[in-house]
1. Per residue, what accessible area does region 376-563 have, given a 1.4 Å probe and all protein chains present, in Å²?
2. Assuming R0 = 22 Å, can you tell me the calculated FRET efficiency for the pair residue 492 and residue 169, based on Cβ-Cβ distance, to the nearest 0.05?
3. Hey, with R₀ at 51 Å, roughly what FRET efficiency would residue 364 and residue 278 work out to, going by the Cβ-Cβ distance, to 0.05?
4. Heavy atoms only, probe 1.4 Å: what % of the accessible area of region 376-563 goes to carbon and sulfur, would you let me know?
5. Where does the charge balance sit around residue 426 when Lys and Arg score +1, Asp and Glu -1, over other residues with C-beta under 13 Å from its C-beta?
6. Past 28 Å, Cα to Cα, is the threshold; run 352/506; 352/399; 255/480 against it and keep the listed order.
7. Roughly what % antiparallel, to the nearest 5, for the DSSP beta bridges in region 376-563?
8. Based on the Cβ-Cβ distance from residue 311 to residue 504, what FRET efficiency comes out when R0 is 45 Å, to the nearest 0.05?
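The values are calculated or read from the model by the stated rules, or taken from the named source; none is laboratory data. Everything quoted here is computed from the prediction, not taken from an experiment. Virtual Cβ from ideal backbone geometry, glycine too; neighbours counted across all protein chains shown. Each accessible area value is taken on the protein alone, full model and side chains, heavy atoms only, with ligands, DNA and RNA left out. Shrake-Rupley method; radii C 1.70, N 1.55, O 1.52, S 1.80 Å.
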Amino acid sequence: MNKRPTLSLKSKPAPAVKKPAPRKPAAANTAAPARPAVANTAEPARPAAAPAAREPAKPAAKPARRPEPAEQFGAGASPWDATRAKGAQRRAEQRAAEQRAADQPRPRPEAPPGPRASHHRDLKPRLQTEFQAELKADSLAFALLGAATAVVQVRSGMALPAALAGVFANPAVTPQARGAIQDVAYRAMRQLGRSDALVAAMAPKAPDPLVGALLAVALPLMQAGDDGPAPYEAFTVVDQAVTAAGAHPDTARAKGMVNALLRRFLRERDALLADVMQQPQARWNYPQWWIDAAITAYPQEWEQVLAAGNQAPPLTLRVNTRKGTVEAYLAMLAEAGIGARRIGEHAVRLDKPVGVHLIPGFDAGLVSVQDAAAQLAAQLLDVQDGMRVLDACAAPGGKTGHILELADVDVTALDADAQRLSRVRENLERLGLSGTLQAAEAQGRDWWDGRPFDRILADVPCTASGIVRRHPDIRWLRRKGDTLQLATLSGQILDNLWQMLQPNGKLLFVTCSLWPQESEAQAAAFAVRNRATRLDAPGQLLPVGGAEQDHDGLFYALFRKDE
Ligand SMILES: C[S@@+](CC[C@H](N)C(=O)[O-])C[C@H]1O[C@@H](n2cnc3c(N)ncnc32)[C@H](O)[C@@H]1O
(Lines give C-alpha, C1' and ligand atoms only; values in the text may rest on other atoms or scores of the structure.)
Protein backbone atom coordinates (compact mmCIF):
# COMPACT_ATOMS: atom_id res chain seq x y z
CA MET A 1 0.00 0.00 0.00
CA ASN A 2 2.67 2.51 0.94
CA LYS A 3 4.65 3.23 -2.16
CA ARG A 4 6.80 6.24 -2.81
CA PRO A 5 5.45 8.63 -5.43
CA THR A 6 6.64 7.79 -8.91
CA LEU A 7 5.32 10.79 -10.83
CA SER A 8 8.20 12.66 -12.39
CA LEU A 9 7.83 16.28 -11.37
CA LYS A 10 10.23 19.13 -11.63
CA SER A 11 10.92 20.55 -8.21
CA LYS A 12 12.61 23.67 -6.98
CA PRO A 13 13.94 23.26 -3.45
CA ALA A 14 14.91 26.75 -2.35
CA PRO A 15 14.10 29.71 -4.59
CA ALA A 16 16.61 32.53 -4.78
CA VAL A 17 15.71 36.00 -3.62
CA LYS A 18 17.84 37.96 -6.04
CA LYS A 19 16.16 40.24 -8.59
CA PRO A 20 17.68 40.38 -12.10
CA ALA A 21 17.64 43.22 -14.60
CA PRO A 22 14.57 42.51 -15.88
CA ARG A 23 -3.20 37.91 -33.94
CA LYS A 24 -8.30 38.32 -39.10
CA PRO A 25 -11.34 40.03 -39.78
CA ALA A 26 -14.01 38.07 -41.61
CA ALA A 27 -17.56 38.53 -42.74
CA ALA A 28 -20.00 39.85 -40.19
CA ASN A 29 -22.32 37.27 -38.74
CA THR A 30 -25.26 38.86 -37.11
CA ALA A 31 -26.77 35.61 -35.91
CA ALA A 32 -23.65 34.39 -34.16
CA PRO A 33 -24.37 31.64 -31.72
CA ALA A 34 -22.29 31.20 -28.62
CA ARG A 35 -20.12 28.15 -29.02
CA PRO A 36 -20.51 25.70 -26.21
CA ALA A 37 -17.66 23.82 -27.87
CA VAL A 38 -15.28 26.47 -26.57
CA ALA A 39 -16.46 25.86 -23.04
CA ASN A 40 -13.41 24.64 -21.24
CA THR A 41 -14.48 21.68 -19.20
CA ALA A 42 -11.23 21.71 -17.28
CA GLU A 43 -12.29 24.96 -15.66
CA PRO A 44 -13.62 24.78 -12.15
CA ALA A 45 -16.77 26.77 -12.86
CA ARG A 46 -18.99 23.84 -12.07
CA PRO A 47 -17.58 23.52 -8.62
CA ALA A 48 -19.74 20.66 -7.45
CA ALA A 49 -18.72 18.66 -10.48
CA ALA A 50 -14.97 19.03 -10.20
CA PRO A 51 -14.46 18.01 -6.64
CA ALA A 52 -10.86 17.14 -6.44
CA ALA A 53 -9.37 20.06 -8.29
CA ARG A 54 -7.32 22.10 -5.89
CA GLU A 55 -9.14 25.18 -4.67
CA PRO A 56 -8.03 28.53 -3.38
CA ALA A 57 -8.41 29.39 0.26
CA LYS A 58 -11.95 30.30 1.27
CA PRO A 59 -12.84 33.63 2.80
CA ALA A 60 -12.19 32.31 6.32
CA ALA A 61 -8.50 32.36 5.51
CA LYS A 62 -8.53 35.56 3.56
CA PRO A 63 -7.77 38.97 4.85
CA ALA A 64 -11.02 40.45 6.08
CA ARG A 65 -10.97 43.48 3.81
CA ARG A 66 -11.84 43.06 0.18
CA PRO A 67 -9.66 45.04 -2.19
CA GLU A 68 -11.19 47.99 -3.95
CA PRO A 69 -10.95 47.80 -7.74
CA ALA A 70 -8.38 50.57 -7.90
CA GLU A 71 -6.12 48.67 -5.49
CA GLN A 72 -6.47 45.37 -7.29
CA PHE A 73 -5.32 46.85 -10.53
CA GLY A 74 -2.19 48.14 -8.93
CA ALA A 75 -2.36 51.78 -7.97
CA GLY A 76 0.73 53.42 -9.38
CA ALA A 77 1.12 50.84 -12.09
CA SER A 78 -2.10 50.54 -14.10
CA PRO A 79 -2.47 51.82 -17.63
CA TRP A 80 -4.73 54.52 -16.28
CA ASP A 81 -2.09 56.01 -14.00
CA ALA A 82 -1.08 58.71 -16.38
CA THR A 83 -4.57 60.07 -16.29
CA ARG A 84 -5.25 59.21 -12.65
CA ALA A 85 -3.47 62.14 -11.06
CA LYS A 86 -5.32 64.67 -13.14
CA GLY A 87 -8.35 62.46 -12.86
CA ALA A 88 -8.62 62.77 -9.08
CA GLN A 89 -9.49 66.41 -9.29
CA ARG A 90 -11.63 65.89 -12.37
CA ARG A 91 -13.50 63.09 -10.65
CA ALA A 92 -14.20 65.22 -7.61
CA GLU A 93 -15.58 67.87 -9.93
CA GLN A 94 -17.55 65.28 -11.87
CA ARG A 95 -18.97 63.78 -8.71
CA ALA A 96 -20.11 67.19 -7.57
CA ALA A 97 -21.60 67.82 -11.02
CA GLU A 98 -23.27 64.40 -11.01
CA GLN A 99 -24.69 65.08 -7.59
CA ARG A 100 -26.06 68.42 -8.78
CA ALA A 101 -27.47 66.75 -11.87
CA ALA A 102 -28.95 63.92 -9.84
CA ASP A 103 -30.77 66.46 -7.70
CA GLN A 104 -32.55 67.75 -10.78
CA PRO A 105 -34.84 65.68 -12.98
CA ARG A 106 -33.55 65.42 -16.52
CA PRO A 107 -34.60 63.48 -19.60
CA ARG A 108 -32.65 60.38 -20.69
CA PRO A 109 -33.41 60.06 -24.35
CA GLU A 110 -31.09 57.15 -25.24
CA ALA A 111 -30.97 54.86 -22.23
CA PRO A 112 -33.77 52.77 -20.84
CA PRO A 113 -34.78 53.79 -17.32
CA GLY A 114 -32.81 52.43 -14.36
CA PRO A 115 -29.81 53.28 -12.19
CA ARG A 116 -26.56 54.14 -13.95
CA ALA A 117 -23.30 52.50 -13.09
CA SER A 118 -20.46 54.66 -11.90
CA HIS A 119 -18.20 56.44 -14.36
CA HIS A 120 -15.20 55.63 -12.24
CA ARG A 121 -13.46 52.35 -11.73
CA ASP A 122 -12.41 53.34 -8.24
CA LEU A 123 -16.02 53.54 -7.11
CA LYS A 124 -18.05 50.44 -6.30
CA PRO A 125 -20.15 49.54 -9.33
CA ARG A 126 -23.89 49.76 -8.96
CA LEU A 127 -24.73 47.04 -11.39
CA GLN A 128 -28.18 45.96 -12.47
CA THR A 129 -27.50 42.26 -12.05
CA GLU A 130 -31.19 41.43 -11.95
CA PHE A 131 -31.81 42.98 -15.35
CA GLN A 132 -33.16 40.48 -17.91
CA ALA A 133 -31.70 41.39 -21.30
CA GLU A 134 -33.76 40.55 -24.35
CA LEU A 135 -31.15 38.38 -25.99
CA LYS A 136 -31.30 34.79 -27.17
CA ALA A 137 -29.71 32.52 -24.58
CA ASP A 138 -27.69 30.73 -27.24
CA SER A 139 -26.25 33.93 -28.73
CA LEU A 140 -22.72 35.15 -28.26
CA ALA A 141 -24.17 38.52 -27.18
CA PHE A 142 -25.88 36.77 -24.25
CA ALA A 143 -22.63 35.05 -23.27
CA LEU A 144 -20.70 38.32 -23.51
CA LEU A 145 -23.17 40.14 -21.28
CA GLY A 146 -23.24 37.32 -18.71
CA ALA A 147 -19.45 37.11 -18.61
CA ALA A 148 -19.12 40.91 -18.40
CA THR A 149 -21.48 40.94 -15.42
CA ALA A 150 -19.24 38.39 -13.68
CA VAL A 151 -16.11 40.39 -14.55
CA VAL A 152 -17.58 43.50 -12.91
CA GLN A 153 -18.12 41.49 -9.72
CA VAL A 154 -14.56 40.17 -9.79
CA ARG A 155 -13.29 43.73 -10.14
CA SER A 156 -15.13 44.56 -6.92
CA GLY A 157 -13.52 41.67 -5.05
CA MET A 158 -15.72 38.61 -5.65
CA ALA A 159 -14.18 35.29 -6.69
CA LEU A 160 -15.10 34.34 -10.26
CA PRO A 161 -16.93 31.08 -9.40
CA ALA A 162 -19.16 33.00 -6.96
CA ALA A 163 -19.72 35.76 -9.52
CA LEU A 164 -20.64 33.17 -12.16
CA ALA A 165 -22.96 31.40 -9.73
CA GLY A 166 -24.81 34.70 -9.40
CA VAL A 167 -25.11 35.02 -13.18
CA PHE A 168 -26.23 31.38 -13.52
CA ALA A 169 -28.95 31.96 -10.94
CA ASN A 170 -30.81 33.87 -13.67
CA PRO A 171 -33.40 31.38 -15.04
CA ALA A 172 -32.76 32.64 -18.59
CA VAL A 173 -29.28 31.08 -18.46
CA THR A 174 -29.54 27.63 -20.04
CA PRO A 175 -26.97 24.89 -19.38
CA GLN A 176 -25.52 25.55 -22.85
CA ALA A 177 -25.27 29.29 -22.14
CA ARG A 178 -23.47 28.52 -18.88
CA GLY A 179 -20.67 26.79 -20.75
CA ALA A 180 -20.25 29.72 -23.11
CA ILE A 181 -20.42 32.36 -20.35
CA GLN A 182 -17.90 30.43 -18.30
CA ASP A 183 -15.50 30.08 -21.18
CA VAL A 184 -15.72 33.77 -22.12
CA ALA A 185 -15.24 34.86 -18.49
CA TYR A 186 -12.22 32.61 -17.90
CA ARG A 187 -10.57 33.84 -21.11
CA ALA A 188 -11.20 37.42 -20.02
CA MET A 189 -9.45 36.79 -16.69
CA ARG A 190 -6.40 35.39 -18.48
CA GLN A 191 -6.10 38.48 -20.67
CA LEU A 192 -7.40 41.23 -18.40
CA GLY A 193 -4.11 43.08 -18.15
CA ARG A 194 -3.86 43.31 -21.93
CA SER A 195 -7.52 44.21 -22.45
CA ASP A 196 -7.32 47.01 -19.90
CA ALA A 197 -4.20 48.39 -21.54
CA LEU A 198 -5.86 48.26 -24.98
CA VAL A 199 -8.95 50.06 -23.74
CA ALA A 200 -6.78 52.65 -22.00
CA ALA A 201 -4.88 53.19 -25.25
CA MET A 202 -8.07 53.71 -27.27
CA ALA A 203 -10.62 55.30 -24.92
CA PRO A 204 -10.28 58.92 -23.84
CA LYS A 205 -11.49 58.08 -20.32
CA ALA A 206 -12.11 54.96 -18.27
CA PRO A 207 -15.45 53.49 -19.32
CA ASP A 208 -18.30 52.65 -16.96
CA PRO A 209 -17.73 49.31 -15.17
CA LEU A 210 -20.06 47.16 -17.28
CA VAL A 211 -18.90 48.81 -20.53
CA GLY A 212 -15.27 48.23 -19.55
CA ALA A 213 -16.08 44.63 -18.66
CA LEU A 214 -17.89 44.09 -21.97
CA LEU A 215 -14.79 45.27 -23.79
CA ALA A 216 -12.61 43.09 -21.55
CA VAL A 217 -14.60 39.96 -22.45
CA ALA A 218 -14.85 40.81 -26.17
CA LEU A 219 -11.22 41.69 -26.89
CA PRO A 220 -9.72 38.28 -25.95
CA LEU A 221 -12.15 36.58 -28.35
CA MET A 222 -10.66 38.62 -31.21
CA GLN A 223 -7.05 37.60 -30.57
CA ALA A 224 -5.03 34.45 -30.27
CA GLY A 225 -4.03 33.89 -26.65
CA ASP A 226 -1.43 31.77 -24.87
CA ASP A 227 -4.03 28.98 -24.95
CA GLY A 228 -4.79 28.94 -28.68
CA PRO A 229 -6.17 30.84 -31.69
CA ALA A 230 -9.00 33.38 -31.60
CA PRO A 231 -12.19 31.39 -31.04
CA TYR A 232 -14.52 33.62 -33.11
CA GLU A 233 -14.40 35.70 -36.26
CA ALA A 234 -13.48 39.17 -35.14
CA PHE A 235 -16.39 40.93 -36.89
CA THR A 236 -18.82 38.52 -35.24
CA VAL A 237 -17.46 39.51 -31.87
CA VAL A 238 -17.84 43.21 -32.68
CA ASP A 239 -21.40 42.73 -33.86
CA GLN A 240 -22.39 40.67 -30.83
CA ALA A 241 -20.68 42.97 -28.36
CA VAL A 242 -22.60 45.92 -29.81
CA THR A 243 -25.84 43.92 -29.59
CA ALA A 244 -25.04 43.06 -25.98
CA ALA A 245 -24.29 46.70 -25.17
CA GLY A 246 -27.61 47.79 -26.66
CA ALA A 247 -29.50 45.25 -24.57
CA HIS A 248 -28.55 46.49 -21.10
CA PRO A 249 -29.40 49.82 -19.48
CA ASP A 250 -25.91 50.15 -17.98
CA THR A 251 -24.30 49.95 -21.41
CA ALA A 252 -26.92 51.09 -23.93
CA ARG A 253 -25.60 54.63 -24.09
CA ALA A 254 -22.10 53.34 -24.80
CA LYS A 255 -23.18 51.15 -27.75
CA GLY A 256 -21.54 53.51 -30.26
CA MET A 257 -18.37 53.69 -28.22
CA VAL A 258 -18.15 49.86 -27.98
CA ASN A 259 -18.60 49.63 -31.74
CA ALA A 260 -16.03 52.34 -32.48
CA LEU A 261 -13.45 51.01 -30.07
CA LEU A 262 -13.65 47.38 -31.19
CA ARG A 263 -13.56 48.41 -34.88
CA ARG A 264 -10.55 50.55 -34.21
CA PHE A 265 -8.89 47.57 -32.58
CA LEU A 266 -9.53 45.57 -35.76
CA ARG A 267 -8.03 48.30 -37.95
CA GLU A 268 -5.01 49.05 -35.81
CA ARG A 269 -4.51 45.74 -34.05
CA ASP A 270 -0.82 45.21 -34.78
CA ALA A 271 0.24 48.73 -33.85
CA LEU A 272 -1.94 48.79 -30.72
CA LEU A 273 -0.66 45.44 -29.53
CA ALA A 274 2.95 46.37 -30.22
CA ASP A 275 2.40 49.48 -28.14
CA VAL A 276 0.68 47.95 -25.11
CA MET A 277 2.99 44.93 -25.00
CA GLN A 278 5.66 47.31 -23.72
CA GLN A 279 3.75 47.28 -20.42
CA PRO A 280 4.51 44.20 -18.30
CA GLN A 281 0.90 43.92 -17.09
CA ALA A 282 -0.30 43.78 -20.70
CA ARG A 283 2.50 41.47 -21.79
CA TRP A 284 2.04 38.97 -18.97
CA ASN A 285 -1.55 39.58 -17.82
CA TYR A 286 -0.73 39.78 -14.13
CA PRO A 287 -0.63 42.73 -11.73
CA GLN A 288 2.81 44.33 -11.46
CA TRP A 289 3.39 43.16 -7.85
CA TRP A 290 2.80 39.54 -8.96
CA ILE A 291 5.26 39.87 -11.84
CA ASP A 292 7.82 41.39 -9.47
CA ALA A 293 7.28 38.59 -6.95
CA ALA A 294 7.79 35.94 -9.64
CA ILE A 295 11.03 37.61 -10.84
CA THR A 296 12.32 37.80 -7.29
CA ALA A 297 11.51 34.20 -6.42
CA TYR A 298 12.43 32.63 -9.76
CA PRO A 299 15.06 34.74 -11.57
CA GLN A 300 15.56 32.02 -14.19
CA GLU A 301 12.09 30.60 -14.65
CA TRP A 302 9.74 33.52 -13.98
CA GLU A 303 8.67 33.90 -17.63
CA GLN A 304 7.81 30.20 -17.91
CA VAL A 305 5.98 30.32 -14.59
CA LEU A 306 3.88 33.32 -15.64
CA ALA A 307 3.17 31.84 -19.07
CA ALA A 308 2.13 28.50 -17.54
CA GLY A 309 -0.41 30.34 -15.38
CA ASN A 310 -2.09 31.61 -18.55
CA GLN A 311 -2.66 28.16 -20.01
CA ALA A 312 -5.95 26.30 -19.66
CA PRO A 313 -5.24 23.33 -17.35
CA PRO A 314 -5.33 19.73 -18.55
CA LEU A 315 -7.81 17.25 -17.07
CA THR A 316 -6.00 14.78 -14.83
CA LEU A 317 -7.78 11.95 -13.05
CA ARG A 318 -6.87 9.84 -10.05
CA VAL A 319 -7.92 6.22 -10.31
CA ASN A 320 -9.60 4.86 -7.18
CA THR A 321 -7.56 1.72 -6.71
CA ARG A 322 -10.15 0.35 -4.29
CA LYS A 323 -12.46 0.00 -7.28
CA GLY A 324 -10.09 -0.98 -10.07
CA THR A 325 -6.64 -0.73 -11.62
CA VAL A 326 -5.22 2.07 -13.75
CA GLU A 327 -4.86 -0.38 -16.66
CA ALA A 328 -8.52 -1.40 -16.45
CA TYR A 329 -9.59 2.24 -16.35
CA LEU A 330 -7.45 3.13 -19.39
CA ALA A 331 -9.17 0.27 -21.25
CA MET A 332 -12.57 1.69 -20.23
CA LEU A 333 -11.57 5.11 -21.60
CA ALA A 334 -10.35 3.57 -24.85
CA GLU A 335 -13.66 1.76 -25.24
CA ALA A 336 -15.46 5.08 -24.78
CA GLY A 337 -13.23 6.63 -27.48
CA ILE A 338 -11.51 8.96 -25.00
CA GLY A 339 -7.78 9.38 -25.56
CA ALA A 340 -5.72 9.27 -22.36
CA ARG A 341 -2.41 8.14 -20.91
CA ARG A 342 -0.95 7.29 -17.55
CA ILE A 343 1.27 9.98 -16.08
CA GLY A 344 1.75 8.77 -12.50
CA GLU A 345 1.12 5.90 -10.15
CA HIS A 346 -2.63 6.58 -10.05
CA ALA A 347 -2.74 9.52 -12.45
CA VAL A 348 -4.33 9.48 -15.92
CA ARG A 349 -4.43 12.50 -18.19
CA LEU A 350 -7.16 12.90 -20.81
CA ASP A 351 -5.98 14.11 -24.22
CA LYS A 352 -8.88 16.60 -24.23
CA PRO A 353 -10.88 17.78 -21.24
CA VAL A 354 -14.49 16.60 -21.09
CA GLY A 355 -17.35 17.53 -18.77
CA VAL A 356 -16.88 15.83 -15.44
CA HIS A 357 -20.08 13.76 -15.61
CA LEU A 358 -19.06 12.55 -19.07
CA ILE A 359 -15.97 10.95 -17.56
CA PRO A 360 -16.62 7.19 -17.57
CA GLY A 361 -17.17 5.87 -14.05
CA PHE A 362 -16.92 9.30 -12.39
CA ASP A 363 -20.34 9.20 -10.75
CA ALA A 364 -19.67 5.62 -9.61
CA GLY A 365 -16.45 6.72 -7.88
CA LEU A 366 -13.97 4.96 -10.17
CA VAL A 367 -11.98 8.19 -10.54
CA SER A 368 -11.62 11.68 -9.14
CA VAL A 369 -10.42 14.87 -10.83
CA GLN A 370 -7.09 15.75 -9.25
CA ASP A 371 -4.00 17.50 -10.53
CA ALA A 372 -0.85 15.38 -10.88
CA ALA A 373 1.08 17.38 -8.26
CA ALA A 374 -1.80 17.14 -5.77
CA GLN A 375 -1.73 13.35 -6.11
CA LEU A 376 1.64 13.27 -4.39
CA ALA A 377 0.24 14.31 -1.00
CA ALA A 378 -1.38 11.06 0.11
CA GLN A 379 1.61 9.05 -1.11
CA LEU A 380 4.15 11.22 0.70
CA LEU A 381 2.13 10.95 3.90
CA ASP A 382 3.03 7.24 3.99
CA VAL A 383 -0.21 6.03 5.56
CA GLN A 384 -0.55 2.47 6.82
CA ASP A 385 -3.53 0.37 7.89
CA GLY A 386 -4.77 1.16 11.40
CA MET A 387 -3.27 4.66 11.62
CA ARG A 388 -5.06 7.67 13.01
CA VAL A 389 -4.79 10.45 10.42
CA LEU A 390 -5.72 14.14 10.53
CA ASP A 391 -6.46 15.98 7.27
CA ALA A 392 -6.39 19.45 8.76
CA CYS A 393 -7.64 21.70 5.95
CA ALA A 394 -9.56 19.07 4.10
CA ALA A 395 -12.27 20.58 1.90
CA PRO A 396 -13.32 19.70 -0.74
CA GLY A 397 -11.64 16.42 0.18
CA GLY A 398 -9.45 15.62 -2.81
CA LYS A 399 -6.61 14.42 -0.63
CA THR A 400 -8.88 12.91 2.04
CA GLY A 401 -10.28 10.56 -0.59
CA HIS A 402 -6.83 9.58 -1.80
CA ILE A 403 -5.61 8.81 1.74
CA LEU A 404 -8.60 6.53 2.29
CA GLU A 405 -8.05 4.85 -1.07
CA LEU A 406 -4.48 3.96 -0.05
CA ALA A 407 -5.00 2.40 3.40
CA ASP A 408 -7.59 1.43 6.01
CA VAL A 409 -7.11 4.41 8.29
CA ASP A 410 -9.19 6.40 10.75
CA VAL A 411 -9.34 9.85 9.10
CA THR A 412 -10.52 13.06 10.72
CA ALA A 413 -11.24 15.64 8.00
CA LEU A 414 -11.20 19.12 9.52
CA ASP A 415 -12.08 22.39 7.80
CA ALA A 416 -12.99 25.83 9.06
CA ASP A 417 -15.71 26.15 6.43
CA ALA A 418 -18.71 23.95 7.28
CA GLN A 419 -20.25 24.48 3.85
CA ARG A 420 -17.12 23.33 2.07
CA LEU A 421 -16.93 20.38 4.46
CA SER A 422 -20.19 19.08 3.02
CA ARG A 423 -18.32 18.63 -0.26
CA VAL A 424 -15.90 16.31 1.53
CA ARG A 425 -18.88 14.20 2.55
CA GLU A 426 -20.26 14.15 -1.02
CA ASN A 427 -16.89 13.20 -2.44
CA LEU A 428 -16.28 10.42 0.07
CA GLU A 429 -19.78 9.07 -0.55
CA ARG A 430 -19.16 9.01 -4.29
CA LEU A 431 -15.92 7.10 -3.72
CA GLY A 432 -17.53 4.67 -1.27
CA LEU A 433 -15.32 5.82 1.64
CA SER A 434 -15.90 7.33 5.05
CA GLY A 435 -14.20 9.46 7.71
CA THR A 436 -15.01 11.76 10.63
CA LEU A 437 -15.86 15.29 9.50
CA GLN A 438 -15.27 18.22 11.80
CA ALA A 439 -15.94 21.93 11.19
CA ALA A 440 -13.33 23.85 13.20
CA GLU A 441 -10.24 26.00 12.85
CA ALA A 442 -6.96 24.12 12.68
CA GLN A 443 -5.18 26.73 14.83
CA GLY A 444 -7.62 25.93 17.69
CA ARG A 445 -7.84 22.93 20.03
CA ASP A 446 -11.44 22.85 21.12
CA TRP A 447 -12.31 20.19 18.56
CA TRP A 448 -9.49 17.78 19.55
CA ASP A 449 -10.16 14.77 21.84
CA GLY A 450 -6.53 14.75 23.03
CA ARG A 451 -5.56 11.52 21.24
CA PRO A 452 -2.47 12.11 19.08
CA PHE A 453 -2.38 11.41 15.35
CA ASP A 454 0.11 9.18 13.53
CA ARG A 455 -0.03 11.32 10.41
CA ILE A 456 -1.10 14.91 9.85
CA LEU A 457 -1.72 16.54 6.49
CA ALA A 458 -1.60 20.33 6.75
CA ASP A 459 -2.80 21.61 3.35
CA VAL A 460 -2.95 25.14 4.69
CA PRO A 461 -4.85 28.17 3.35
CA CYS A 462 -2.57 30.20 1.08
CA THR A 463 -2.61 32.70 -1.77
CA ALA A 464 -3.21 29.87 -4.27
CA SER A 465 -0.68 31.48 -6.60
CA GLY A 466 0.38 28.01 -7.79
CA ILE A 467 -3.04 27.17 -9.21
CA VAL A 468 -3.68 30.39 -11.07
CA ARG A 469 -4.26 28.56 -14.36
CA ARG A 470 -7.32 26.89 -12.76
CA HIS A 471 -8.39 30.08 -11.02
CA PRO A 472 -7.25 32.92 -13.30
CA ASP A 473 -9.20 35.46 -11.20
CA ILE A 474 -6.88 34.93 -8.20
CA ARG A 475 -4.18 37.23 -9.58
CA TRP A 476 -6.68 40.11 -9.77
CA LEU A 477 -8.20 39.41 -6.35
CA ARG A 478 -5.08 39.02 -4.26
CA ARG A 479 -3.07 41.87 -2.84
CA LYS A 480 0.62 41.83 -2.11
CA GLY A 481 0.01 41.89 1.66
CA ASP A 482 -2.08 38.71 1.56
CA THR A 483 1.05 36.57 1.38
CA LEU A 484 2.32 37.65 4.78
CA GLN A 485 -1.11 37.55 6.38
CA LEU A 486 -1.76 33.99 5.18
CA ALA A 487 1.76 32.89 6.12
CA THR A 488 1.14 34.10 9.67
CA LEU A 489 -2.06 32.05 9.89
CA SER A 490 -0.47 28.93 8.42
CA GLY A 491 2.47 29.22 10.85
CA GLN A 492 -0.02 29.18 13.73
CA ILE A 493 -1.80 26.18 12.24
CA LEU A 494 1.44 24.23 11.81
CA ASP A 495 2.67 24.94 15.36
CA ASN A 496 -0.69 23.92 16.78
CA LEU A 497 -0.96 20.70 14.79
CA TRP A 498 2.58 19.69 15.73
CA GLN A 499 1.39 19.37 19.35
CA MET A 500 -1.19 16.82 18.19
CA LEU A 501 1.34 14.55 16.47
CA GLN A 502 2.44 11.24 17.97
CA PRO A 503 6.20 10.87 18.62
CA ASN A 504 7.68 9.31 15.47
CA GLY A 505 4.65 10.59 13.58
CA LYS A 506 4.88 12.56 10.33
CA LEU A 507 3.41 15.90 9.33
CA LEU A 508 3.15 16.87 5.66
CA PHE A 509 3.01 20.62 5.03
CA VAL A 510 1.44 21.53 1.67
CA THR A 511 0.66 24.81 -0.05
CA CYS A 512 -0.52 25.66 -3.54
CA SER A 513 1.60 28.80 -3.46
CA LEU A 514 4.57 29.91 -5.51
CA TRP A 515 5.73 32.43 -2.95
CA PRO A 516 8.63 31.31 -0.71
CA GLN A 517 7.29 33.29 2.27
CA GLU A 518 4.35 30.89 2.41
CA SER A 519 6.29 27.77 1.51
CA GLU A 520 10.04 27.20 1.85
CA ALA A 521 10.66 30.03 4.31
CA GLN A 522 7.68 28.83 6.37
CA ALA A 523 8.94 25.24 6.35
CA ALA A 524 12.46 26.26 7.37
CA ALA A 525 11.23 28.47 10.23
CA PHE A 526 8.80 25.78 11.41
CA ALA A 527 11.57 23.16 11.56
CA VAL A 528 13.74 25.44 13.69
CA ARG A 529 10.92 26.49 16.04
CA ASN A 530 9.78 22.93 16.66
CA ARG A 531 13.03 21.03 16.24
CA ALA A 532 11.33 18.98 13.58
CA THR A 533 13.35 16.56 11.46
CA ARG A 534 12.89 17.32 7.80
CA LEU A 535 12.42 14.28 5.58
CA ASP A 536 12.72 13.93 1.83
CA ALA A 537 9.91 15.68 -0.11
CA PRO A 538 9.73 17.55 -3.44
CA GLY A 539 9.81 21.13 -2.06
CA GLN A 540 8.54 23.67 -4.58
CA LEU A 541 7.03 22.19 -7.73
CA LEU A 542 7.10 24.76 -10.48
CA PRO A 543 4.39 24.69 -13.14
CA VAL A 544 6.81 25.12 -16.01
CA GLY A 545 7.03 21.71 -17.60
CA GLY A 546 5.87 20.48 -20.98
CA ALA A 547 3.37 17.69 -21.51
CA GLU A 548 5.15 15.24 -19.22
CA GLN A 549 5.44 17.66 -16.33
CA ASP A 550 2.24 19.58 -16.67
CA HIS A 551 1.08 20.12 -13.10
CA ASP A 552 0.10 22.81 -10.64
CA GLY A 553 2.60 24.77 -8.53
CA LEU A 554 2.43 22.98 -5.18
CA PHE A 555 4.90 22.93 -2.32
CA TYR A 556 5.65 19.91 -0.11
CA ALA A 557 7.69 19.66 3.10
CA LEU A 558 7.63 16.52 5.27
CA PHE A 559 8.56 16.49 8.99
CA ARG A 560 9.06 13.76 11.57
CA LYS A 561 8.61 14.30 15.30
CA ASP A 562 11.52 12.58 17.00
CA GLU A 563 10.89 10.80 20.29
C1 LIG B 1 -6.06 24.42 -0.10
S2 LIG B 1 -7.66 24.19 0.48
C3 LIG B 1 -7.62 22.48 0.90
C4 LIG B 1 -7.76 21.53 -0.28
C5 LIG B 1 -7.96 20.11 0.18
N6 LIG B 1 -6.91 19.64 1.06
C7 LIG B 1 -8.07 19.15 -0.98
O8 LIG B 1 -7.09 18.52 -1.35
O9 LIG B 1 -9.17 19.03 -1.56
C10 LIG B 1 -7.54 24.93 2.05
C11 LIG B 1 -8.74 24.69 2.94
O12 LIG B 1 -8.43 25.27 4.20
C13 LIG B 1 -9.65 25.70 4.79
N14 LIG B 1 -9.28 26.63 5.87
C15 LIG B 1 -9.02 27.94 5.79
N16 LIG B 1 -8.68 28.41 6.99
C17 LIG B 1 -8.70 27.38 7.84
C18 LIG B 1 -8.43 27.23 9.23
N19 LIG B 1 -8.07 28.26 9.95
N20 LIG B 1 -8.57 26.00 9.77
C21 LIG B 1 -8.96 24.94 9.01
N22 LIG B 1 -9.23 25.03 7.71
C23 LIG B 1 -9.09 26.23 7.13
C24 LIG B 1 -10.41 26.30 3.64
O25 LIG B 1 -11.81 26.31 3.92
C26 LIG B 1 -10.04 25.35 2.49
O27 LIG B 1 -11.04 24.37 2.34
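1. Details: 6190 Å² over 188 residues.
Per-residue accessible area for region 376-563 comes out at 33 Å².
2. Numbers: r = 36 Å, r/R0 = 1.66.
Here the calculated transfer efficiency is 0.05.
3. Approximately 0.45, to the nearest 0.05.
4. After summing per-atom areas, the C and S share lands at 46 percent.
5. My count for the surroundings of residue 426 gives +2.
6. Going by Cα-Cα distance, 352/506; 255/480 fall outside the 28 Å limit.
7. Taking every DSSP beta bridge within region 376-563, about 40 percent pair in antiparallel fashion.
8. 0.60
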